[in-house]
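The values are calculated or read from the model by the stated rules, or taken from the named source; none is laboratory data. Note that this is a predicted model, so its numbers are computed, not measured. Please note: Cβ atoms are built from the backbone with ideal geometry, for glycine as well, and neighbour counts cover all protein chains shown.
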Amino acid sequence: MFEAKMPKGFLWGGAVAAHQVEGAWNVDGKGPSVADVMTAGANGVPRKITDGVLKGENYPNHEAIDFYHHYKEDIKLMAEMGFKCFRTSIAWTRIFPNGDDAEPNEAGLKFYDDLFDECHKYGIEPVITLHHFEMPWHLVKKYGGWQSRKTIDFFTRYARVVFKRYQHKVKYWMTFNEIDNQSAFNNAFLMATNSGILFKKGQNREAAMYQAAHYELVASALAVKIAHQINPKMKIGCMVNFASVYPATCDPDDTLLAQRVAQRRYWFSDVHVNGVYPKEVEAYLKQKGYRPDITAEDRQILREGTVDYVGFSYYESMTVSAKKVDADHLTDLDAAVVDNKYLPKTQWDWSIDPEGLRYALNWLTDRYHKPLFIVENGMGARDKVEADGSIHDDYRIKYLQSHISEMEKAVALDGVDLMGYTPWGCIDLVSAGTGQMSKRYGFIYVDKDDQGNGTLKRSRKDSFYWYKNVIKSNGADL
Ligand code: BGP
């Protein structure tokens with residue numbers, strides 16, 4: 001029916017983030033980030049943001065999988081799978097330990113030089129996120145994270161330094177990871193990790209979110225402008241967490257609500273791509289009486305700093321019902337969500353919906369007319385190591401197979417312009433949501449448990465060999 005093969009030059013690879021793999025949290029001049037003061041969660045118990053001085057707590061990001069000292073071995077394994085690209089982030093605190101330092105830390109810069117060189121040794125293109133849940137802790141404490149306009153200056157200083165330094169080593173960049181996570185502004189944990197906001201008692205969380213998000217969007221647009229000035233060949237994208245939004249029934253109330261949820265969630269990427277705030281958001285801010293600090297100069301910057309492509313993560317879809325909340329009274333998006341009886345779930349209750357990925361690719365293409373990049377996709381699962389050391393993760397293969405198949409239809413049949421595909425957690429890492437190792441995504445297993453015990457030995461799961469073949473056949477052989 002169609003050619004299940006990706007276009008030439010398609011960027012097959014995998015994705016991680018600095019704080020979830022590197023460890024070495026205080027090595028070679030690195031300062032603490034918000035990820036370094038987060039304890040591990042347990043099932044049903046969320047992670048805590050501490051002041052970093054709790055004794056006897058498990059801070060899983062401090063060591064993570066010690067990628068900082070194992071990166072050569074890890075990149076070699078990725079090369080063995082045939083990766084064309086590798087997505088990670090730069091830890092801002094390796095470059096500017098406090099965030100507001102006057103001078104960058106040379107040892108931190110050197111680490112990424114070495115890492116990118118190692119990637120290029122195998123023809124692997126680095127894909128780099130500037131801000132992935134690892135804001136300098138000092139900026140959180142002193143300035144309230146992205147609540148302060150000053151943070152724009154600190155971020156652009158950091159962005160300029162790394163763009164200059166790596167302009168000939170890194171072509172593909174993204175500014176903020178999953179910037180739209182902030183639409184869940186009632187979730188204190190998410191807000192701390194995404195925007196460095198620690199809410200004060202009685203604070204209007206929604207108003208704080210709109211302000212912080214605005215400063216982030218201005219910072220992102222400035223970063224795009226700076227990058228293009230330094231080297232016009234660099235491609236700078238945004239990154240959103242995309243969940244396809246479905247109405248629970250064909251009741252028009254549900255349809256209207258689904259549209260409203262999408263408007264409240266994807267306005268971030270509207271600004272990134274179109275350079276202007278969508279009408280609905282402007283109207284909502286007025287209705288609520290919020291007056292965020294948005295200057296005419298900011299609006300000009302937003303118009304000038306639009307992104308080159310849209311990166312997104314896709315894990316699941318969401319289904320919403322007007323029985324729970326109607327479109328005109330929507331504040332908490334999660335409150336609208338209901339179960340979708342057509343979809344199975346992962347062990348962590350995330351719905352499994354491969355067709356939702358095809359829907360996402362079409363929706364984003366229709367709305368933005370930009371190249372797309374799937375920079376995260378995958379399923380967290382507990383793996384069992386057999387007596388002979390093998391790991392039979394057929395469930396992971398099945399999940400990825402079905403998603404890749406929908407992705408191929410979107411490209412071959414729907415005309416979607418797709419740059420690449422980097423499944424999340426290509427090597428096992430610390431889960432961002434739970435802080436646990438047992439929620440695994442990798443093709444490469446890492447011997448470490450939730451208590452921090454283990455040899456850190458790397459081994460190949462069944463999915464490793466499967467994905468290697470997928471890349472080798474450019475997606476023809478699933
Ligand atoms: C995204 C993040 C990643 C990653 C992933 C899986 O939100 O960008 O950092 O963690 O989700 O989530 P979790 O680790 O909670 O399973």
Of the conditions (1) crowded, with 22+ Cβ neighbours inside 10 Å; (2) under 30 Å from Ser405 (Cβ atoms); (3) in contact with an Asp or Glu (Cβ under 9 Å, 6 or more places away or on another chain), the single one that Pro60 does not satisfy is (2)
All-but-one check, Leu11 against (1) more than 16 Å from the ligand (Cβ to nearest atom); (2) more than 30 Å from Asn469 (Cα to Cα); (3) not acidic (Asp, Glu), failing number (2)
What is the residue count in the stretch 254-283 for residues that are hydroxyl-bearing (Ser, Thr, Tyr), surrounded by fewer than 20 Cβ atoms within 10 Å (Cβ to Cβ) and in a helix (DSSP H, G or I)? 1
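Looking at Phe464, Phe443, which is the one that is within 16 Å of the ligand (Cβ to nearest atom) and at pLDDT 95 or above?
Phe443
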Taking Leu429 as the residue in question, decide whether it is part of a helix (DSSP H, G or I) and within 22 Å of the chain's Cα centre (by Cα). no
Somewhere in the stretch 364-379, is a residue assigned to a helix (DSSP H, G or I) and free of Cβ contacts under 8 Å to residues at least 60 places away in the same chain? yes
How about the stretch 246-273: which of its residues are closer than 17 Å to Ser183 by Cα, over 19 Å from the mean Cα position of the chain (by Cα) and of a type in the set (Val, Ile, Thr)? Val261
Tally the residues that are within 16 Å of the ligand (Cβ to nearest atom), assigned to a helix (DSSP H, G or I) and not hydrophobic (A, V, I, L, M, F, W, C), restricting the search to the stretch 284-335. 1
Do the conditions hold for Lys345, that is, is it surrounded by fewer than 18 Cβ atoms within 10 Å (Cβ to Cβ) and within 19 Å of Tyr315 (Cα to Cα)? yes
Which of the following residues is surrounded by 16 or more Cβ atoms within 10 Å (Cβ to Cβ), in contact with a Gly (Cβ under 9 Å, 6 or more places away or on another chain) and outside any helix (DSSP H, G or I): Met407, Met419? Met419
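From Ile427, Ile397, Ile391, grab the single residue that is touching a Ser or Thr at 6+ places or on another chain (Cβ under 9 Å) and either farther than 20 Å from Phe83 by Cα or within 16 Å of the ligand (Cβ to nearest atom) (or both).
The conditions single out Ile391.
More than 16 Å from the ligand (Cβ to nearest atom) and touching a Phe, Trp or Tyr at 6+ places or on another chain (Cβ under 8 Å): is that true of Val338 in this structure?
Judged against the criteria, Val338 is not a match.
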Restricted to the stretch 227-245 and to residues being in contact with a strand residue (DSSP E or B) (Cβ under 9 Å, 6 or more places away or on another chain) and over 30 Å from Glu406 (Cα atoms), the residue surrounded by the most Cβ atoms within 10 Å (Cβ to Cβ) is Ala227
Of all the residues that make up the stretch 367-399, how many are small (Gly, Ala, Ser), crowded, with 16+ Cβ neighbours inside 10 Å and out of contact with any Pro (no Cβ under 7 Å at 6 or more places or on another chain)? 2
Looking only at residues that are of a type in the set (A, V, I, L, M, F, W, C) and within 27 Å of Asn61 (Cβ to Cβ) in the stretch 400-424, which one is nearest to the ligand (Cβ to nearest atom)? Trp424
